[in-house]
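S.K.: Have a look at this one before I ask anything.
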Amino acid sequence: MSKFPNSVSRQLSTRSSDIDALAQRGYNIGHKIGEGSYATVITAGYADEAGHGVHLACKIIDKAKAPTDFVHKFFPRELEILTKIDHPNIIQIHSILQRGPKIFIFMRYAENGDLLSHIKKNGPVDELQSKAWFMQMAKALKYLHAHDIAHRDLKCENILLSKRMNIKLADFGFSRYCVDDTGRDIKSETYCGSAAYAAPEVVCGRPYDPKLADAWSLGVILFIMLNAKMPFDDTNLTKLLEDQNNKKFAFRRKLQDQITAQAKATVAVLLEPESHARWNLREILNCSWLRTEDEPLSQSVEPVKAPAQKHRN
């Protein structure tokens, strides 16, 4: 008989037998912190045989409830990419387990939530902190692009904040490789991500360079950090595309005098509607704003991480 009450199983949309099996592997299931149409995110804990514990989040994906293109196209990509990437500013995967149609992706827990929640609670991020976080995001994205991986769903909700307030990129559900088997660059044709963060070439539905689309999304995130508002209104896609192409975004009046010209210029070259004129990640990390004497806050040292365990049943 399961030692977990049936109410816990119902709340987490998973079977008591699954919960028991995870417990036998050292994983203790917590409470729900997020839910989609075919995925649930919960808190979890893990303790190894020596009794060393770590606080985790677990993304539970039910393939039986997911659409076919997700099961056969997007999800296999996500799993493959998650098992290959390792960077201090990308959320660390602890293990991936499978029981029947359920996939359990255990990852490090981000104690300070996501960037959007932080901004909603605290307002605009001051420029020095914005610079520090932007540099961490850019380094993580440069790492991905150097491995020919595009994220394709960069948004404030997918930027997590660790216990020591460092950036952790998360949610690789739309990520993909940018080269084919022969090493040639390939364009993306899938409209994915959120319209508010999507580059104009994505919004208008033409084949696009996913790395440069990522750079646009990074510019949107930087604008939001500095302004605590979106650069463009996405309620009408026709108007959104028109505003993007006309560079119709503006800094808040009460903030624009506090934001340096270099920070504004960095936003402008990322929110460049002509993708070929947009900066790539190497250019971003070498920009004058990030290389000024007023250095961004250094990345705090994270607690020692448990080695990743990637296995399936």
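S.K.: Looking at segment 246-265, is at least one residue of a type in the set (D, E, K, R) and in contact with an Asp or Glu (Cβ under 9 Å, 6 or more places away or on another chain)?
M.R.: Yes, segment 246-265 has at least one match.
S.K.: If you take the residues in segment 14-40 that are aliphatic (A, V, I, L, M) and under 19 Å from the mean Cα position of the chain (by Cα), which one is surrounded by the fewest Cβ atoms within 10 Å (Cβ to Cβ)?
M.R.: Among them, the one singled out is I33.
S.K.: Follow-up. Being under 21 Å from T238 (Cβ atoms) and outside any helix (DSSP H, G or I) is the filter here, so list the residues in segment 191-227 that pass it.
M.R.: Listed by number, the residues that qualify are Y191, C192, G193, S194, A198, A199, C204, G205, R206, P207, Y208.
S.K.: Something else: Identify, from the list L212, L270, L240, the residue that is under 19 Å from A132 (Cα atoms), at pLDDT 95 or above, buried (at least 18 other Cβ atoms within 10 Å of the Cβ) and in the same structural domain as K131 (by TED's automatic domain parsing).
M.R.: The unique qualifying residue is L270.
S.K.: Hey, among L154, L161, L144, which residue is more than 29 Å from S17 (Cα to Cα), touching a Gly at 6+ places or on another chain (Cβ under 7 Å) and in the same structural domain as A198 (by TED's automatic domain parsing)?
M.R.: On inspection, the qualifying residue turns out to be L161.
S.K.: Taking the options A57, A64, name whichever one is touching a Ser or Thr at 6+ places or on another chain (Cβ under 9 Å) and hydrophobic (A, V, I, L, M, F, W, C).
M.R.: It is A57.
S.K.: Exactly one condition in (1) outside any helix (DSSP H, G or I); (2) in contact with a Ser or Thr (Cβ under 9 Å, 6 or more places away or on another chain); (3) surrounded by 22 or more Cβ atoms within 10 Å (Cβ to Cβ); (4) not acidic (D, E) is not met by M165; state its number.
M.R.: Result: M165 passes all but (3).
S.K.: Scan segment 144-158 and report the pairs whose first residue is closer than 22 Å to L226 by Cα and whose second residue is assigned to a strand (DSSP E or B) and of a type in the set (D, E), with Cβ atoms within less than 6 Å and a gap of 6+ or a chain change.
M.R.: E157/D114
S.K.: In segment 169-193, what residues are in contact (Cβ under 8 Å) with a residue 24 or more places away in the chain and of a type in the set (D, E)?
M.R.: Once the filter is applied, which keeps residues that are in contact (Cβ under 8 Å) with a residue 24 or more places away in the chain and of a type in the set (D, E), segment 169-193 yields only D185.
S.K.: Just name the residue that is modelled with the highest pLDDT out of those in segment 168-190 that are hydrophobic (A, V, I, L, M, F, W, C) and part of a strand (DSSP E or B).
M.R.: L169
The values are calculated or read from the model by the stated rules, or taken from the named source; none is laboratory data. Bear in mind that the values here come from a model prediction, so they are computed numbers and not experimental data. Virtual Cβ from ideal backbone geometry, glycine too; neighbours counted across all protein chains shown.
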